[in-house]
Structure formats: C-alpha cells, structure tokens
Amino acid sequence: MELWTYKHFITYIPSLAFMVTLAVILRKLLSNKTEKIRLIPLQISAVILIGLEAGKQIISLKNGYDLYHLPLHFCSMFIFMIPLAAFYKGKYRQHILSFTSFICATLFVFMLVYPNSVYSEESIDLMFIDFLCFHKVAFHNVAIFAFLLILALGLYEPRAKFDYKNAAIALPCYYIIGGVMAQILKTNFNNFYYCTADVVDNVRLLIIESIGYPLGQTVYVIGASAVNLAFAFLSYPVCRFLHYLINERKSTR
C-alpha cells in the first residue's frame, strides 16, 4: 500500500501549488466584488466538472459501459454538490455550501495522505492518451480547486456546530446509498464491496467466514462507513484552519 509515488509527487505538488497561486490571484482581483462576481470562477469549475463527467459517461457507454463508472463513489458527490454550491440560490444554500466545503476538505486531506488511492500512476502516465485516465486526474484536481475557491473568495464561512450537524445527516445518506448499491451491483463503490487494502480485506473475509456472508458483509460496510465518517470529521478542521489563515492574513493588512 504505497501512499505516495514519485509520479504523484512531481505532478500533484506542482498542480496544488498552481491552484493555490491562482486562487490567491483571484482573491486579490475579486475580494471586493459582489458575490455574483466572486461565484464566477466556481461556476466555471462546476461546468468543467460536469463536462468531464459527461465525457466519462459517453465514453463508457461507447465501450460497453462499466458499472464502476456510475456516480456512486464518494467523489461522485462533487458532480452534484459543486454545481449546486455554484448556482443554487434557494433557502438551503448554506447547507449546500457547508456540505460541499466539508466533503471537499475530506478530499483535500486525503490527497495529502494517500493520493495513490485517488488515482494511480497509470492514470498519470496515460492521462493525455486515455480520456478516462485524464478524467480521474483532472476531476479530482478541479474539485480541490473548487474547495480553494470557496475559501479564497469568501463564499462560505465555516461554522463547526452547523457543519458537523449537516455532515452527520448527509454523509450517512450517501453511505446507505453507496453501500447498498455496491452489494446489489457487486461493484466496489468507495470500497464498500471489498477493500483494496489487502490487510483490511483479509479481515473482511475472516468476519464473513465467522458469521456468514450477509451479516459479515453488513458489518464490513458499517465499519467502512464509520471509518469514512471519522476521516471526514477529522479532515474538517483543515477547512476551518485554512479559512482562519486567509482571514487572519487579511485582517493584519
């Protein structure tokens, strides 16, 4: 289980530095503009995400469609949440911005810890040859850039109690949908069908051997969901910390 590879280091670190720099530049240019203007970069990012996902679905259909390409992964939530955060103006806007920031922070931290699980070296090697590989790399980078934009452009101010409560309701909804559909379709959405880490999957198999498949697999999905939720909750303070850094820097000028 290699967390980082050399190719991740030489591609993602420069990419992240570029995204941070661009977000800072946009902040300087747009910080005094109306929210309508400040939303434009996020709206562009949302359209790019939708375009990337549409391309993936079209190519998968042309190739005979792979069920793994259904938008039932954790990161599939960005397809829906980032466009909603960018365009939705209704009474639940704060809830949407809160949850979008929460799950984006989760991806941001996960990419710092284990980028090789998000997309492989093969995806990096083939990203300009195979569109599906390009999608894997570009999609996650655009989602992270959207997170940086939300913070840099002051589109949402994190509120711990509200954000944790919001996520505690929304995330289990995804875990139920993703976990159930993984079993029905026998497809490994978000590691809900089996674990790509051999050590963990061996534990899953031991549990199934001890108490039977239906109950053992249920225990595994519940455990995987609990680990996912814990990681998301532990990642969220990064969102607040980055927001604090941005605003602390602004207040000292």
If a residue must be part of a helix (DSSP H, G or I) and open to solvent by 40 Å² or more (accessible area, probe 1.4 Å), how many such residues does the stretch 58-77 contain? 6
If Lys89 meets every condition in (1) within 21 Å of Lys36 (Cα to Cα); (2) at pLDDT 95 or above apart from one, which number is that one? (2)
Which of the following residues is over 18 Å from Pro41 (Cβ atoms) and under 19 Å from the mean Cα position of the chain (by Cα): Tyr119, Tyr156? Tyr119
Restricting attention to the stretch 235-248, does a residue exist that is of a type in the set (Ser, Thr, Tyr) and modelled with pLDDT of 95 or more? yes
Spot the failing condition for Phe80; the list is (1) open to solvent by 40 Å² or more (accessible area, probe 1.4 Å); (2) farther than 21 Å from Ile246 by Cβ; (3) in a loop (DSSP other than H, G, I, E, B); (4) of a type outside the set (A, V, I, L, M), and only one is missed. (3)
How many residues does the stretch 83-127 contain that are of a type in the set (D, E, K, R) and either touching a helix residue (DSSP H, G or I) at 6+ places or on another chain (Cβ under 7 Å) or in a helix (DSSP H, G or I) (or both)? 4
Run Ile150 past the list (1) in a helix (DSSP H, G or I); (2) over 21 Å from Ile79 (Cα atoms); (3) open to solvent by less than 20 Å² (accessible area, probe 1.4 Å) and report the number of the one that doesn't hold. (2)
Counted residues, the stretch 210-228 - those being of a type outside the set (Ser, Thr, Tyr) and open to solvent by 50 Å² or more (accessible area, probe 1.4 Å): 7
Counted residues in the stretch 181-206 being open to solvent by 30 Å² or more (accessible area, probe 1.4 Å) and of a type in the set (Lys, Arg) come to 1
By residue number, the members of the stretch 168-209 that are outside any helix (DSSP H, G or I) and closer than 17 Å to Val227 by Cα are Asn188, Phe192, Tyr193, Tyr194, Cys195, Thr196, Ala197
Please go through the stretch 1-60 and give me each residue that is closer than 25 Å to Pro115 by Cβ and of a type in the set (D, E, K, R), ordered by number. Glu2, Lys7, Glu53, Lys56
Are any residues in the stretch 17-36 farther than 12 Å from Gly154 by Cβ and either β-branched (Val, Ile, Thr) or open to solvent by 40 Å² or more (accessible area, probe 1.4 Å) (or both), and if so, which ones? Ala17, Phe18, Val20, Thr21, Leu22, Val24, Ile25, Lys28, Leu29, Lys36
Subset of the stretch 1-16, residues open to solvent by less than 30 Å² (accessible area, probe 1.4 Å) and aromatic (Phe, Trp, Tyr), comes to Tyr12
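The values are calculated or read from the model by the stated rules, or taken from the named source; none is laboratory data. Remember, predicted model here, so these are calculated numbers, not experimental data. A quick note on method: Cβ atoms are made from the backbone with ideal geometry, for glycine too, and the neighbour counts reach across all protein chains shown. SASA here: full protein model, heavy atoms, side chains in, ligands and nucleic acids out. Shrake-Rupley method; radii C 1.70, N 1.55, O 1.52, S 1.80 Å.
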